[in-house]
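The values are calculated or read from the model by the stated rules, or taken from the named source; none is laboratory data. What you are looking at is a predicted structure, and each value in this text was computed from that prediction instead of being measured. Cβ atoms come from the backbone with ideal geometry, glycine included; neighbour counts cover every protein chain shown.
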Amino acid sequence: MKEYEFEPACRRMEWLEPFYKAVWEKAFADTIPISGTFELTPRCNFNCRMCYVHLTEKEIYKHGTEMTAEEWLRVAKEANEAGTTWLCITGGEPLMHLEFETIWRELTQMGFFITLQTNASLVQKFEKLFQECPPRRCKITLYGSNDEIYEKVCQVQKGFTRTDRGIQMLKQMKIPIELVSTVIRQNLDDVEKIIEYVGKNSLPWIPNINVRTAGRGVEVDMENLRISPLDYSEEKTCNLRKKVSMNPERKPCTYCKDYRLGYWIVWNGYMRFCSFLNGPDISVRDKAFKECWKELVEFQEGLQWPEECRVCELQESCVRCAALFDIKDGALVIKEQFCKKRRE
């Protein structure tokens, strides 16, 4: 077993029971792909302002073709044999994949611990399917407490009404639910009411204010969505600065919880270690899963911070991860205005 001078992120996963924590530690030591995410499709019936995945029908074909059920199930079988135990099914809205039911039924028979990540607005259409093949849990995006806020954030009508119906159906089915909310300017004033909804339904909730631009072909003006630093008190900002410390000797991927044990397969067939990045393009359509995983681990091990970061006087206090960069010719490349914003 190779010794590391840093604490792997999986060691800080307090929510895991001791047995499963030991399993993740073993996977980290032996580079077993224990955790995977299948991004079935970039299609979605919502049009969330901050989404970095959603593409229209016309845009999809500019970036490739969606994996078929046959392709996903072949990859899943090989992933299962390689050691994948935890599997997240996401999108876009995964229920919009044209062969979702086929994919879902087969995956649930393979023995994975499956999390379904969804906006919940379509789950009623699949009530019978989820009764017969329930997910281990559902991770549901909640962007407001009423239809008006959903229209501002997701640019759809009756978005909250449809989402709430899905949540109530899943609750009645006793399927564990976790709510996740991305907070942007359009729903910031609704946060207290979101919290009321969460409390009323007695559900766990994770708020997120980190809106990131991803190099995935989706053009989003994030600057008009992000919450301004002025929304934070000076005390909170000072406390944050005191806690920030980055080791310039550590490689970029070592800060990620999926380092050496997790992967993400995007809708057009590429295995990556991060959903936000535009690479590497390791095709699961052209290679066996184990071959792709080996290549991905080697890529992670070889990835370095850009030269600009390695010589920067702020390298120990600049909060960054690989997801904030682009990948070009196998290397991290600073995005335009990145340094300027960090210095500010």
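Only one of the numbered conditions (1) within 28 Å of Leu87 (Cα to Cα); (2) in a helix (DSSP H, G or I) is violated by Lys174, and that is (2). Any chance segment 3-26 includes a residue that's part of a helix (DSSP H, G or I) and either touching a strand residue (DSSP E or B) at 6+ places or on another chain (Cβ under 6 Å) or modelled with pLDDT of 95 or more (or both)? The answer is no, given that none of the residues of segment 3-26 is part of a helix (DSSP H, G or I) and either touching a strand residue (DSSP E or B) at 6+ places or on another chain (Cβ under 6 Å) or modelled with pLDDT of 95 or more (or both). Residues of segment 280-305 that are within 21 Å of the chain's Cα centre (by Cα), of a type outside the set (D, E, K, R) and in a loop (DSSP other than H, G, I, E, B): Pro280, Val284, Leu303. Residues that are part of a loop (DSSP other than H, G, I, E, B), touching a residue at least 40 places away in the same chain (Cβ under 8 Å) and closer than 19 Å to Leu296 by Cβ within segment 306-344 comprise Cys321, Gly330, listed in sequence order.
Within segment 185-200, the residues that satisfy the criterion of being basic (Lys, Arg) and surrounded by 14 or more Cβ atoms within 10 Å (Cβ to Cβ) are Arg185, Lys193.
Here Gln186 clears all of (1) over 16 Å from the mean Cα position of the chain (by Cα); (2) more than 18 Å from His54 (Cβ to Cβ) except the condition numbered (2). Residues in segment 287-296 that are within 19 Å of Ala27 (Cβ to Cβ) and either crowded, with 18+ Cβ neighbours inside 10 Å or free of Cβ contacts under 8 Å to residues at least 12 places away in the same chain (or both): Phe289, Glu291, Cys292, Trp293, Lys294, Leu296. Checked against (1) surrounded by fewer than 18 Cβ atoms within 10 Å (Cβ to Cβ); (2) touching a helix residue (DSSP H, G or I) at 6+ places or on another chain (Cβ under 7 Å); (3) not basic (Lys, Arg), Leu40 passes all but condition (1). Given the criteria crowded, with 20+ Cβ neighbours inside 10 Å and among the β-branched types (Val, Ile, Thr), does Val23 qualify? No. Of all the criteria given as (1) touching a residue at least 60 places away in the same chain (Cβ under 8 Å); (2) assigned to a helix (DSSP H, G or I), the one not satisfied by Leu73 is (1).
Residue by residue, here is whether (1) surrounded by 15 or more Cβ atoms within 10 Å (Cβ to Cβ); (2) in a helix (DSSP H, G or I) holds:
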{"site": "Glu101", "(1), (2)": "yes, yes"}
{"site": "Glu106", "(1), (2)": "yes, yes"}
{"site": "Phe126", "(1), (2)": "yes, yes"}
{"site": "Leu129", "(1), (2)": "yes, yes"}
{"site": "Ile140", "(1), (2)": "yes, no"}
{"site": "Tyr143", "(1), (2)": "yes, no"}
{"site": "Gln157", "(1), (2)": "no, no"}
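The condition of being surrounded by 14 or more Cβ atoms within 10 Å (Cβ to Cβ), at pLDDT 95 or above and more than 24 Å from Thr68 (Cβ to Cβ) holds for only one of Thr163, Thr182, Thr118, that being Thr163.
Taken over segment 269-285, the criterion of being over 26 Å from Arg11 (Cα atoms) and either surrounded by 23 or more Cβ atoms within 10 Å (Cβ to Cβ) or modelled with pLDDT of 95 or more (or both) is satisfied by Gly269, Tyr270, Ile282, Ser283, Val284, Arg285. The set of residues from segment 231-267 being in a loop (DSSP other than H, G, I, E, B), crowded, with 18+ Cβ neighbours inside 10 Å and either aliphatic (A, V, I, L, M) or modelled with pLDDT of 95 or more (or both) comprises Leu261, Val266, Trp267.
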